[in-house]
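Engineer: Submitted below is the structure of interest, expressed as structure tokens.
The values are calculated or read from the model by the stated rules, or taken from the named source; none is laboratory data. A quick note: this is a predicted structure, and the numbers were derived from the prediction, not measured. Neighbour counts are summed over all protein chains in view; Cβ atoms, including those assigned to glycine, are modelled from backbone coordinates with ideal geometry.
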Amino acid sequence: MKNNPLALMLVGILLISSLINLWLAYSYNSSLSQLRALQNEIAGVQNSRNTLNILFNELAEYSRKNPAITPMLQQVGILPPTAPKPGTPGMAAPAPAPVPTTAKPAGK
């Protein structure tokens, strides 16, 4: 059989296609392993977040039974700060904000 240029070209295309497929398979497998690792990390973070939410809810419930810890929980941001009740002795009412005045230009 003589050297057929068409057969050589088809073999070359087959070789290039095989190399591209190997590279794509390697890229796919490495991306898949990274995805699995990140999913495991995300699951761990979500587990920690759920645990903290449970702890914060239990602390908020406990603060209803024992209000002495409420200032500490407000300080670290677990409970929102409470507004002072109106008419509380020793608490002055906030001063009203000054009204800005704008001067009109002359002649208009």
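Engineer: Failed condition for M91, given (1) at pLDDT 65 or above; (2) surrounded by 10 or more Cβ atoms within 10 Å (Cβ to Cβ); (3) assigned to a loop (DSSP other than H, G, I, E, B), with all others met?
Structural biologist: (1)
Engineer: Let me ask you something else. Restricting to segment 71-83, name every residue that is within 29 Å of the chain's Cα centre (by Cα) and loosely packed, with under 12 Cβ neighbours inside 10 Å. Full working, then the answer.
Structural biologist: Keep residues of segment 71-83 that are within 29 Å of the chain's Cα centre (by Cα), which gives 71-82.
Q75, V76, G77, P80, P81, T82 - these are the residues of segment 71-83 that are within 29 Å of the chain's Cα centre (by Cα) and loosely packed, with under 12 Cβ neighbours inside 10 Å.
Engineer: Now for a separate question. Where the second residue is hydrophobic (A, V, I, L, M, F, W, C) and the first is in a helix (DSSP H, G or I) and lies in segment 65-82, which pairs have Cβ atoms under 8 Å and are six or more apart or on separate chains?
Structural biologist: I69/L59; T70/L79; L73/L59; L73/A60; L73/L79
Engineer: I'd like the full set of residues that are more than 16 Å from the chain's Cα centre (by Cα) and among the β-branched types (V, I, T), limited to segment 31-70. Please lay out each step first, then the result.
Structural biologist: In the first step, residues of segment 31-70 are kept if they are more than 16 Å from the chain's Cα centre (by Cα); the result is 31-37, 40, 51, 54-70.
Within segment 31-70, T51, I54, I69, T70 qualify.
Engineer: Here is a further query. Would segment 52-68 turn up any residue that is of a type in the set (F, W, Y) and modelled with pLDDT of 95 or more?
Structural biologist: Step one: of segment 52-68, the residues of a type in the set (F, W, Y) are 56, 62.
Still in the list and also modelled with pLDDT of 95 or more: none.
No, there is no match, as no residue in segment 52-68 is of a type in the set (F, W, Y) and modelled with pLDDT of 95 or more.
Engineer: On the given criteria, is I42 out of contact with any Cys (no Cβ under 7 Å at 6 or more places or on another chain), surrounded by 10 or more Cβ atoms within 10 Å (Cβ to Cβ) and at pLDDT below 90?
Structural biologist: Numbers: out of contact with any Cys (no Cβ under 7 Å at 6 or more places or on another chain): yes; surrounded by 10 or more Cβ atoms within 10 Å (Cβ to Cβ): yes; at pLDDT below 90: no.
When the stated conditions are applied, I42 does not pass them.
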